Structures are given as C-alpha cells and as structure tokens.
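Q: I'd like to ask you about the structure that follows.
The values are calculated or read from the model by the stated rules, or taken from the named source; none is laboratory data. Nothing here was measured: the structure is a model prediction, and the numbers come from that model. A quick note on method: Cβ atoms are made from the backbone with ideal geometry, for glycine too, and the neighbour counts reach across all protein chains shown. What goes into the accessible areas is simple: the full protein's heavy atoms, side chains included, and nothing from ligands, DNA or RNA. Shrake-Rupley method; radii C 1.70, N 1.55, O 1.52, S 1.80 Å.
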Amino acid sequence: MGRPPSFFTNFCIRQNPKTPLQNPNSQIRKRNLCSNNNINNRGNGEFKQNPDVKVVQDQFFKAKEVSRIIRTRPRWEQTLLSDFPTVNFVDPCFYNEVFKQQKNAFLSLRFYYWISSQEGFLPDRFTSNVIFSGLVKAKAAKLAQSFLEFVNFMPEPSYLEPYAECLCENGLIEEAIGVFDYLKRVHYCPSLKTWNSALSGSLKAERADAVWKFYGDMIESGVVADLDTTGYLIQAFCMENNVWKGYELLRRVLEDGHVPSNVAFNKLIRAFCKNGNYSRMSDLLHTMIAKNHSPDIFTYQEVISGLCKRNMKHEGFRIFNDLKDRGYAPDRVMYTTIIHGLCKMKWLGDARRLWFEMVQKGIIPNQYTYNTLIYGYFKIGNLMEAERLYKEMCDIGYGETTVNYNTMINGLCLNGKAEAAYELFKQMAERNVVGDVITYNSLIQGFCKKGNIAVGINLLYELLKQGMQPSTASYTLLIEKLCKMRQVDEAIVLWKDMQERGIVPAIWTHESIIVGLVEQGSLAEGIDWLSVMLKSRLRPRKETFERLIQCLSEADKWADALCFLSYMLKIGYASNECIYLLLVNKLCKDNSNRVEICIGKITEGAKAL
DNA sequence: CTAGGGTTAG
C-alpha cells in the first residue's frame with residue numbers, strides 16, 4: 001500500500017488563512033477517517049511500521065497545541081489561524097483529536113463553529129459526524145442536539161444510537177423517542193444495551209410511560225430482553241404503584257432460575273413498605289438471602305425508612321442497631337435516613353442522639369442531614385433550635401439553596417409564622433435563589449392557615465405568572481378555606497382552573513365544595529356535586545355526610561338531611577347513633593306522623609343493604 | 001468502573 005496523498009503537507013505551504021481551501025474529495029476524507037486507528041494505537045510502538053504515522057502524529061501534536069490554546073487563551077479567535085498556518089482545520093482527524101484532548105465539549109464545538117464561520121473552511125459530512133460523535137461521547141446531549149440543528153444533517157444510524165442513549169441519560173426522553181422512531185423508520189435496530197439504557201433513562205426521568213413505549217418497540221424489533229431489562233420493568237411497575245405486577249414479574253423470573261439485581265428488589269421493598277405490607281417486605285428480604293443476593297445498605301435503608309413511615313420506631317431502630325452489630329458501618333445517608341424517620345415520628349431526642357453519634361464517628365452532617373433535623377425541630381415546634389441549626393448550616397458553607405429555604409419557609413408556616421416565612425421568601429429573590437412549587441405551596445398553606453386567603457391567592461397567581469406548574473396542594477387549602485368562608489363561587493373558579501390545567505383535585509376538595517354549597521343554601525347544586533363525585537367512584541368521608549346532615553337539620557331542612565342520610569347508607573356507611581339522635585330530636589319537634597314514615601323508610605333501606 | 005440511596009408540600 002502506497003503512501004496516500006497527504007493533504008496535510010499540501011497545506012504546509014498555505015500562508016494566508018483567508019485563502020479559500022480546496023474542498024478535498026471524500027476519498028481522502030475516508031482515508032483519513034480510517035487512519036484514526038493509528039491515533040488510537042499511539043504509544044504501543046506498532047505505528048512505526050505505518051507510513052502514515054508521521055503525518056498522523058504531527059496532526060496529533062497540533063491538535064494538542066490548538067486544544068491548549070483554545071482552553072487557555074481568551075481571544076484565540078484573533079490569532080489562532082495565523083499561529084498555525086500548517087494545520088488542516090477541516091480534517092476530521094484533527095477534530096477527533098481536539099475532542100479527545102480538549103475535554104470541554106463546549107469549547108471544541110465553539111472552535112468548530114468559529115472555523116465554519118471562516119471564509120473557505122467548509123467542514124463536510126465526515127467532519128460533522130466526528131464532531132457529533134465527539135459531543136455524544138462527552139455526554140453533551142444538549143450541545144449535540146443544537147449542533148444537529150445548526151448543521152442540519154442527519155448522522156449515520158450508528159452515530160445516532162449512542163446519541164439516543166445519551167439523550168436518555170440526560171432525561172431528554174421525548175427527543176430520544178424521536179431518534180428511536182427515526183431509527184425504526186430506516187430499519188436500524190439498536191442493540192440491547194441501548195434499549196436498556198433507554199429504559200434506565202426513562203426511570204431516572206420518572207417516565208414509566210416511556211419505559212412501556214421503549215419496551216414495546218424493543219420487543220417489536222425482535223430484541224430479546226435480559227435480566228437488566230427485567231429489573232427496569234419491575235422498577236417501572238413500582239414507580240406506577242403497580243407493585244403487585246412488579247412482584248408477579250419477579251416471581252416469574254425467579255421461577256425461571258434468574259435473580260434480578262438488588263435494585264429491583266429494593267424498589268419492590270420500598271413499594272411494599274409504602275403500602276404497609278410488611279409481611280411481603282420481609283418475604284422479599286428472605287428471598288434475597290436465599291438467592292444469595294444479600295440485602296445491602298440500600299435495602300436496609302428502604303426497610304428502615306419504610307418502617308418509620310408507619311410509626312414503627314422500635315422496629316426501625318432494631319434493624320439499624322442490628323446492622324451495626326453485624327458490622328455494616330452506617331454512612332451519612334444511612335444516618336440521615338434514620339434521623340429523618342425519627343423526626344417524622346417526632347422522636348427528636350433519639351434523632352439528636354444519632355446526630356451526635358454520627359459526628360463522633362467523624363461523619364460530617366451535610367445539607368441533607370441538616371435539613372432533616374431542622375424539619376424535625378419545626379415538627380415539634382422548637383423554632384429556636386431549628387433557627388440555630390439553620391444558621392449553623394449556612395455558616396459552615398452549605399449554600400443558600402432552594403431546598404434549604406423551603407425547609408425554613410415550610411417550617412415557619414407550619415408554626416403559624418407565615419409573615420416571617422414571607423420575609424425569607426423575599427430574601428430568596430434578593431439573593432437570586434429561585435423558588436419552586438414547594439416554596440409557593442408552603443407559603444400558600446401558611447397564609448391560608450392564618451386565614452389570609454388573599455395573600456394565598458396572590459401567591460398562586462405569582463406561581464402561575466412565573467410559568468411554574470402548580471400541583472394539587474397549590475389549590476387544596478385555598479379552596480377549602482374559601483368554602484369555609486362562604487365564598488364558594490371563588491372556590492369553584494379555582495376548581496375550574498385546576499381542571500383546565502389537568503390537575504387532579506384532592507378528594508377532600510370535592511367534599512369542601514359540597515359542604516360549602518349546602519351550607520350557603522345551594523342544596524341542589526351540592527347534591528349535583530355529590531352525585532358527580534360518586535359517579536367518578538370517589539368515596540366521600542363519613543364525617544362529610546355527618547357534617548351535611550347536621551348542618552341541614554340545624555337549618556330545619558330535615559327532609560334534605562334525611563336525603564343525605566340515605567345516600568350515606570347507600571354507599572355503605574353505618575350511621576352512628578348521634579346522627580339518629582340528632583335527627584330524631586329535630587323531627588320530634590315537627591309533624592310526628594311524617595317522622596315515623598321517614599325513619600321507617602331509612603331503616604328499611606339500611607336493612608336492605 | 002455500574003447499578004441504586006438520604007432533605008423541603010400533600
């Protein structure tokens with residue numbers, strides 16, 4: 001094989017960078033792409049035999065030098081070309097090296113854009129592919145995306161596959177779906193590894209729906225799933241609170257003699273704990289042990305926090321101490337988990353004790369640990385200690401973050417200090433810390449609790465003005481308070497706003513409005529709302545019915561009260577004696593004949609159920 | 001060199 005026409009040497013004689021370059025034909029380009037291998041081989045002594053080596057090596061050193069310059073010299077655009085009259089700036093190999101040398105993908109891309117803007121430099125498809133894959137390798141999904149828009153070309157499928165993976169890892173699920181769909185259209189089938197990373201990326205982005213889409217496409221394209229895939233599917237089931245389906249899948253895999261990763265087990269354990277199904281949780285622990293997949297620190301974390309969620313302090317503690325006895329050294333996360341659990345249950349003495357135990361072992365509390373304990377102190381109303389810890393956290397340099405502020409704002413609101421919380425909120429803006437939906441919700445709830453609904457509503461409007469997506473909790477307390485203050489119409493305006501934004505109201509919100517309507521005398525409307533609620537298979541609480549019945553009988557509308565009582569019996573609540581007594585008392589003052597008839601009807605109805 | 005972990009609302 002002869003020495004290929006080297007256009008590196010051709011450019012050695014070029015003095016004026018503004019002189020238009022010849023656009024080398026693609027054959028040369030391909031040749032150069034092939035010679036990438038030589039670069040990869042450098043240093044193992046082999047390439048002495050290759051006649052291209054000198055040239056490639058030369059290009060390598062130039063790329064290294066250029067990389068250094070664009071990294072360190074602020075105004076390199078003004079000097080670079082004249083400094084390097086011999087560099088071939090449109091060679092794909094050169095960019096390959098720049099991307100390798102220069103870890104900052106953004107700078108490399110800027111360099112490429114700059115070259116493109118120079119008259120006569122026309123990077124072609126091959127160079128574009130190299131740049132694109134450099135960006136993908138650097139995991140710079142956003143840059144790769146903007147690059148594609150800029151050069152307006154579609155890379156080869158084999159370059160798109162890692163791109164799709166990169167998009168998933170960066171949570172750009174919709175974009176990834178687009179790429180997968182394109183690959184499907186051109187009949188290119190991604191590898192199992194790529195499908196799996198799509199699944200894992202979707203989980204990270206909390207997109208169970210995307211998991212199912214990717215999985216469906218994967219099966220359709222004939223790729224056979226592996227154990228990792230199964231693990232991701234189990235996680236997706238857990239994420240959707242479909243724990244039984246996940247469990248079912250696990251059992252099937254176990255029957256086939258396979259054991260999924262601990263991650264899948266841990267997620268199932270978390271889900272079972274969340275539903276209070278501790279026997280199933282311990283069942284899973286035993287399965288893990290039996291299958292030689294020992295529960296790890298993550299597993300125990302799930303177990304402990306799961307137990308604490310249900311107020312099972314002693315069990316949580318027992319497991320934690322057990323762990324220590326068996327030689328597991330709890331780390332900062334583990335300590336934070338148990339401290340959090342104890343704080344939730346308001347066991348601040350124990351939480352504090354563990355805090356000191358942790359510090360004594362040389363583990364320094366971080367933002368998570370601090371926020372957890374601050375939350376705990378607020379929970380028991382110890383504002384002094386909470387504020388002291390907050391100050392300490394700021395002093396030791398945990399920056400003023402949104403979560404830190406949220407912890408304080410929420411804690412203050414919880415303790416009736418909405419105004420003080422609002423001061424912090426203003427401070428956030430001054431110090432350029434952005435608030436999020438939790439900040440706003442905490443404040444809305446704080447002001448509602450103090451009866452200051454106007455401020456609450458303003459906060460809601462501000463949240464919307466900022467373009468943030470409100471949540472159910474943004475509305476719940478506002479609607480409840482408006483109803484209590486006989487401003488049901490305003491409450492319904494908010495309700496409609498929720499509907500338009502696709503936010504599912506809390507069950508309690510339905511009830512607030514029904515009670516509000518009935519209390520203000522809009523009986524028919526209240527009944528309408530109740531039947532809508534029942535039709536959507538939502539079950540009002542018994543207290544709501546009792547409240548309605550009481551309210552109506554107090555207004556001497558006993559017939560309507562009876563109507564709600566029969567509703568209540570109809571959906572299976574046993575009415576309690578107090579309500580009967582109340583009604584009977586009321587009715588006795590009325591026409592006694594009709595009383596008997598009505599009571600008779602109700603008790604018949606109750607027996608029939 | 002990997003999976004997966006802990007804080008703030010409801």
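Q: Just wondering, is there one or more residues in region A:559-581 that are among the acidic types (Asp, Glu) and modelled with pLDDT of 90 or more? Break it down stepwise before answering.
A: Filtering region A:559-581 down to residues among the acidic types (Asp, Glu) leaves A:560, A:577.
Checking which are modelled with pLDDT of 90 or more leaves us with none.
There is no residue in region A:559-581 that is among the acidic types (Asp, Glu) and modelled with pLDDT of 90 or more.
Q: Could you figure out which of (1) open to solvent by 40 Å² or more (accessible area, probe 1.4 Å); (2) at pLDDT 75 or above isn't true of A:Lys589?
A: The single condition A:Lys589 does not satisfy is (2).
Q: Something else now. Every residue in region A:520-541 that is part of a helix (DSSP H, G or I), open to solvent by 10 Å² or more (accessible area, probe 1.4 Å) and under 20 Å from A:Thr472 (Cβ atoms), please.
A: Taking region A:520-541 as the starting set, the residues that turn out to be part of a helix (DSSP H, G or I) are A:523-535.
So of that shortlist, the ones also open to solvent by 10 Å² or more (accessible area, probe 1.4 Å) come out as A:523-525, A:527-529, A:531-532, A:534-535.
The answer is A:Trp529, A:Val532.
Q: I'd like to know if region A:192-211 contains one or more residues that are more than 26 Å from A:Asn129 (Cα to Cα) and either touching an Asp or Glu at 6+ places or on another chain (Cβ under 7 Å) or more than 16 Å from DNA strand B (Cβ to nearest atom) (or both).
A: Yes.
Q: While we're here: Based on this model, can you work out whether A:Asn242 counts as closer than 24 Å to A:Phe298 by Cα, more than 16 Å from DNA strand B (Cβ to nearest atom), open to solvent by 10 Å² or more (accessible area, probe 1.4 Å) and over 23 Å from the mean Cα position of the chain (by Cα)?
A: The answer is no for A:Asn242.
Q: Being near DNA strand B (Cβ under 9 Å from one of its atoms) and out of contact with any helix residue (DSSP H, G or I) (no Cβ under 6 Å at 6 or more places or on another chain) is the filter here; which residues of region A:345-365 pass it?
A: Once the filter is applied, which keeps residues that are near DNA strand B (Cβ under 9 Å from one of its atoms) and out of contact with any helix residue (DSSP H, G or I) (no Cβ under 6 Å at 6 or more places or on another chain), region A:345-365 yields only A:Pro365.
Q: Additional query: Sort through A:Thr439, A:Thr407 and tell me the only one that's closer than 22 Å to A:Met393 by Cα, open to solvent by less than 10 Å² (accessible area, probe 1.4 Å), modelled with pLDDT of 95 or more and under 22 Å from the mean Cα position of the chain (by Cα).
A: Working: A:Thr407 fails: open to solvent by less than 10 Å² (accessible area, probe 1.4 Å).
None of the other options fit; the residue is A:Thr439.
Q: List the residue pairs whose Cβ atoms are under 6 Å apart, where the first residue sits in region A:354-372 and is free of Cβ contacts under 8 Å to residues at least 60 places away in the same chain and farther than 18 Å from A:Lys344 by Cβ, the second is open to solvent by 50 Å² or more (accessible area, probe 1.4 Å) and within 13 Å of DNA strand B (Cβ to nearest atom), and the two are 6 or more positions apart or on different chains.
A: Filtered contacts from region A:354-372: A:Ile363/A:Arg332; A:Gln367/A:Tyr398.
Q: Which one of A:Leu517, A:Leu463 is within 14 Å of DNA strand B (Cβ to nearest atom), open to solvent by less than 80 Å² (accessible area, probe 1.4 Å) and either outside any loop (DSSP other than H, G, I, E, B) or in contact with a strand residue (DSSP E or B) (Cβ under 9 Å, 6 or more places away or on another chain) (or both)? Spell out the reasoning first.
A: Numbers: A:Leu517 fails: within 14 Å of DNA strand B (Cβ to nearest atom).
After ruling out the rest, the residue left standing is A:Leu463.
Q: Within region A:104-207, which helices (runs of 4 or more DSSP H) (wholly inside it) include 1 or more residues that are open to solvent by less than 60 Å² (accessible area, probe 1.4 Å), over 30 Å from A:Arg75 (Cβ atoms) and of a type in the set (Val, Ile, Thr)?
A: A:173-185, A:192-204
Q: Another question, then. Take A:Val303 and decide whether it is closer than 30 Å to A:Leu250 by Cα, crowded, with 22+ Cβ neighbours inside 10 Å and within 14 Å of DNA strand B (Cβ to nearest atom). Give the derivation first.
A: Working: closer than 30 Å to A:Leu250 by Cα: yes; crowded, with 22+ Cβ neighbours inside 10 Å: yes; within 14 Å of DNA strand B (Cβ to nearest atom): yes.
Taking the combined requirement at face value, the residue satisfies it.
Q: Any residue that is open to solvent by 60 Å² or more (accessible area, probe 1.4 Å) and within 37 Å of the chain's Cα centre (by Cα) - is there at least one of those in region A:73-92?
A: No, region A:73-92 has no match at all.
Q: Any idea how many residues of region A:248-282 are more than 16 Å from DNA strand B (Cβ to nearest atom), under 25 Å from A:Asn311 (Cα atoms) and over 23 Å from the mean Cα position of the chain (by Cα)? Show your work before the answer.
A: In the first step, residues of region A:248-282 are kept if they are more than 16 Å from DNA strand B (Cβ to nearest atom); the result is A:248, A:251-252, A:254-257, A:275-280, A:282.
From the residues that got through so far, the ones that are under 25 Å from A:Asn311 (Cα atoms) too are A:275-280, A:282.
When the remaining residues are screened for being over 23 Å from the mean Cα position of the chain (by Cα), the result is A:276-280, A:282.
Of the residues in region A:248-282, 6 are more than 16 Å from DNA strand B (Cβ to nearest atom), under 25 Å from A:Asn311 (Cα atoms) and over 23 Å from the mean Cα position of the chain (by Cα).
Q: I've got another one for you. Would you be able to tell me the number of residues in region A:174-191 that are within 16 Å of DNA strand B (Cβ to nearest atom) and at positive phi?
A: Counting residues in region A:174-191 that are within 16 Å of DNA strand B (Cβ to nearest atom) and at positive phi gives 0.
Q: Could you look through region A:476-505, keep only residues that are surrounded by fewer than 18 Cβ atoms within 10 Å (Cβ to Cβ) and among the hydrophobic types (A, V, I, L, M, F, W, C), and pick out the one that is farthest from DNA strand B (Cβ to nearest atom)?
A: Result: A:Val493.
Q: Another question, if that's okay. Considering only residues of region A:348-404 that are under 18 Å from A:Gly446 (Cα atoms) and hydroxyl-bearing (Ser, Thr, Tyr), which is surrounded by the fewest Cβ atoms within 10 Å (Cβ to Cβ)?
A: A:Thr402
Q: Please give the number of the condition A:Ile289 fails out of (1) under 24 Å from A:Ser261 (Cβ atoms); (2) β-branched (Val, Ile, Thr); (3) surrounded by 16 or more Cβ atoms within 10 Å (Cβ to Cβ).
A: Result: A:Ile289 passes all but (3).
Q: Moving to a separate point now. Looking only at region A:219-237, which residues are of a type outside the set (Gly, Ala, Ser), surrounded by 15 or more Cβ atoms within 10 Å (Cβ to Cβ) and more than 16 Å from DNA strand B (Cβ to nearest atom)?
A: A:Val223
Q: Also, I was wondering about something else. Considering only residues that are more than 7 Å from DNA strand B (Cβ to nearest atom) and either surrounded by 16 or more Cβ atoms within 10 Å (Cβ to Cβ) or closer than 22 Å to A:Met312 by Cβ (or both), which ones fall in region A:328-343? Full working, then the answer.
A: Of region A:328-343, the ones more than 7 Å from DNA strand B (Cβ to nearest atom) are A:328-330, A:335, A:338-339, A:341-343.
Residues satisfying the conditions are A:Tyr328, A:Pro330, A:Tyr335, A:Ile338, A:Ile339, A:Gly341, A:Leu342, A:Cys343.
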